[in-house]
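Let me begin by presenting the structure, written as C-alpha cells, before commenting on it.
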Amino acid sequence: MRKLVALASAALLAVALGQPGAAAQQRTTITREAINPGDRDVLLVIDVQNCFLPGGTLPVPDGDKVIPVINRLAPAFRNIVVTQDWHTKNHISFASSHPGKRPYDKIHVPYGTQVLWPDHCVQGTSDAALTDKLHLPQAQLIIRKGYRQNVDSYSAFLEADHTPTGLIGYLEERGAQNIYLVGLATDFCVAWSALDARHAGFKPAVIEDGTRGINTSGSLEEAWTNMARAAACVESSHPTSRFRPPSTRQRKFCKRCQPHHNLSLTSIVQPSAWGDRLGASPVMSPLLLGWAVA
C-alpha cells in the first residue's frame with residue numbers, strides 16, 4: 001500500500017495567501033505524518049470536466065495540470081467520489097440569462113450573491129462530461145450539482161440555498177472521516193466543498209497541487225484566507241522523527257482555532273520531484289499539510 005506523506009513549508013503558505021514576506025517571520029518546525037488511505041479516507045474529485053479544461057466554455061488556467069496529479073494519487077484510495085457541474089440551459093448562473101449582464105458580474109438572488117458565468121457544463125453536452133483523461137476505475141459515486149435552474153451549487157455537499165446534495169449522508173453511512181479534495185476550481189467549488197465538509201464534521205484536506213483556481217476579483221486569495229481561518233492554527237509544534245506524527249499533546253492550538261483544527265490547507269511538490277523530496281528534511285509549517293504519494 002502506498003503512503004501519503006506530509007510535505008510543506010511556511011514559504012508555500014505565504015505564497016498561497018499572497019504574503020511573500022510572511023514566511024520569513026514565521027517560526028517553523030519539522031512536522032511529518034504518514035498515512036495509509038483506508039476505509040475511512042475518501043478522495044473527492046471536484047468537477048474535472050471538459051468545460052473547465054483548455055478548449056472548454058469556462059477554462060480554468062492550467063486546469064489540465066491537475067489530471068496527472070489526480071491519476072497519481074487515485075490508486076492509493078479505496079474510496080473515490082466525483083462531482084460534476086450539471087446545469088440546465090438558461091441557468092441562473094449564466095450571464096446570458098440576465099439581459100445587460102456580462103460574465104463575472106455579480107447579482108443578488110434569493111440565496112445571496114451570485115457570480116455570473118459564461119454558459120458552461122450544460123446537461124448532456126460533451127462540455128459537461130468528465131474528461132476521459134481521468135483514470136478512476138474505483139470511483140463509487142458521481143454527485144451532480146447545480147442541476148436546478150434557479151439555484152447554483154459550488155459545494156459538493158450543499159447547494160447555494162443550503163439544500164443537501166446527499167453526499168453528507170452517503171459519507172456518514174460509509175463511515176468516512178478524512179476527505180482529500182482535488183479538482184477545479186480552487187476558489188469556488190473546491191473551497192466551498194472543503195469548508196462544508198468541515199462544517200459537516202469531516203476532516204478535509206485540500207491538495208493544492210491537485211487544484212487550480214479561476215481567480216476573479218481576488219477570489220483565489222480570499223478562498224485560501226477563508227480556508228486558513230478554518231485550519232489548524234498551531235502556536236507551537238515539536239520536531240518529530242521522519243515518519244512519526246507528533247502526538248496531540250505536543251501541539252498547542254489557539255482558542256480561536258481549536259474547534260476548527262481538522263481542516264488542513266495543503267501544498268504538495270510537483271509529481272516529478274516527489275522521490276527527491278521524500279528523502280529530504282524540509283522545514284514544515286504546522287498550518288499547512290501537503291500530501292504526496294510515497
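The values are calculated or read from the model by the stated rules, or taken from the named source; none is laboratory data. Here the structure is a predicted model, which means the values were calculated and not measured. Neighbour counts are summed over all protein chains in view; Cβ atoms, including those assigned to glycine, are modelled from backbone coordinates with ideal geometry.
Kindly evaluate Ile207 against the criterion of being in a loop (DSSP other than H, G, I, E, B), at pLDDT below 95, among the aliphatic types (A, V, I, L, M) and within 19 Å of Gln49 (Cα to Cα). No; evaluated as a whole, the condition is false for this residue. Looking only at residues in segment 17-66 that are in contact with a helix residue (DSSP H, G or I) (Cβ under 9 Å, 6 or more places away or on another chain) and of a type in the set (Lys, Arg), which one is modelled with the highest pLDDT? Going through the qualifying residues, I end up with Arg40.
Counting only residues that are assigned to a strand (DSSP E or B) and free of Cβ contacts under 8 Å to residues at least 24 places away in the same chain, how many does segment 110-125 have? Talk me through it step by step, then tell me what you get.
First, pick out the residues of segment 110-125 that are assigned to a strand (DSSP E or B): 112-115, 117, 122.
Cutting the leftovers down to free of Cβ contacts under 8 Å to residues at least 24 places away in the same chain gives us 113.
Of the residues in that region, 1 qualify.
Each residue in segment 88-109 was checked for being over 14 Å from Ala160 (Cα atoms), over 23 Å from the mean Cα position of the chain (by Cα), not hydrophobic (A, V, I, L, M, F, W, C) and not in a helix (DSSP H, G or I), and 11 of them qualify.
Can you find even one residue in segment 124-144 that is acidic (Asp, Glu) and under 20 Å from Asn71 (Cα atoms)?
Yes.
Across segment 65-82, not a single residue is classified as under 18 Å from Tyr147 (Cα atoms) and in a loop (DSSP other than H, G, I, E, B). Of all the criteria given as (1) in contact (Cβ under 8 Å) with a residue 60 or more places away in the chain; (2) buried (at least 23 other Cβ atoms within 10 Å of the Cβ), the one not satisfied by Lys203 is (2). Picking from residues in segment 126-162 that are in contact with a helix residue (DSSP H, G or I) (Cβ under 6 Å, 6 or more places away or on another chain) and in a strand (DSSP E or B), the one that is farthest from Asp41 (Cα to Cα) is Leu158. For segment 65-80, the candidate set comprises residues that are more than 14 Å from Gly38 (Cβ to Cβ) and in contact with a Phe, Trp or Tyr (Cβ under 9 Å, 6 or more places away or on another chain); within that set, the residue that is surrounded by the most Cβ atoms within 10 Å (Cβ to Cβ) is Leu73. Considering only residues in segment 163-184 that are touching an Asp or Glu at 6+ places or on another chain (Cβ under 7 Å) and assigned to a loop (DSSP other than H, G, I, E, B), the one that is nearest to Leu134 (Cα to Cα) turns out to be Thr165.
Of the numbered criteria (1) touching a strand residue (DSSP E or B) at 6+ places or on another chain (Cβ under 7 Å); (2) free of Cβ contacts under 8 Å to residues at least 60 places away in the same chain; (3) more than 22 Å from Leu136 (Cβ to Cβ), the one Thr165 fails is (3).
Scan Ala76, Ala139 and give me the residue that is modelled with pLDDT under 95 and more than 24 Å from Ile214 (Cα to Cα).
Of the residues listed, the single one that is modelled with pLDDT under 95 and more than 24 Å from Ile214 (Cα to Cα) is Ala76.
Return a yes/no flag: does segment 196-204 have any residue that is out of contact with any Lys or Arg (no Cβ under 9 Å at 6 or more places or on another chain), closer than 30 Å to His91 by Cβ, assigned to a loop (DSSP other than H, G, I, E, B) and modelled with pLDDT of 95 or more. I'd like the intermediate steps shown before the answer.
We begin by selecting, within segment 196-204, every residue out of contact with any Lys or Arg (no Cβ under 9 Å at 6 or more places or on another chain); these are 196, 198-203.
From the residues that got through so far, the ones that are closer than 30 Å to His91 by Cβ too are 196, 198-200, 202.
Now narrow it down to the ones that are assigned to a loop (DSSP other than H, G, I, E, B): 200, 202.
Restricting the remaining residues to those that are modelled with pLDDT of 95 or more gives none.
For segment 196-204, residues out of contact with any Lys or Arg (no Cβ under 9 Å at 6 or more places or on another chain), closer than 30 Å to His91 by Cβ, assigned to a loop (DSSP other than H, G, I, E, B) and modelled with pLDDT of 95 or more: absent.
Condition (residue is free of Cβ contacts under 8 Å to residues at least 24 places away in the same chain and surrounded by fewer than 19 Cβ atoms within 10 Å (Cβ to Cβ)) applied to segment 173-195: is it met by at least one residue?
Of segment 173-195, the ones free of Cβ contacts under 8 Å to residues at least 24 places away in the same chain are 173.
From what is left, the residues that are surrounded by fewer than 19 Cβ atoms within 10 Å (Cβ to Cβ) are 173.
Yes; the residues of segment 173-195 include at least one that is free of Cβ contacts under 8 Å to residues at least 24 places away in the same chain and surrounded by fewer than 19 Cβ atoms within 10 Å (Cβ to Cβ).
From Ser193, Ser241, which residue is modelled with pLDDT under 85, of a type in the set (Gly, Ala, Ser) and either part of a loop (DSSP other than H, G, I, E, B) or within 30 Å of Tyr170 (Cα to Cα) (or both)? Outline the logic, then answer.
Numbers: Ser193 fails: modelled with pLDDT under 85.
Just one listed residue meets the conditions, Ser241.
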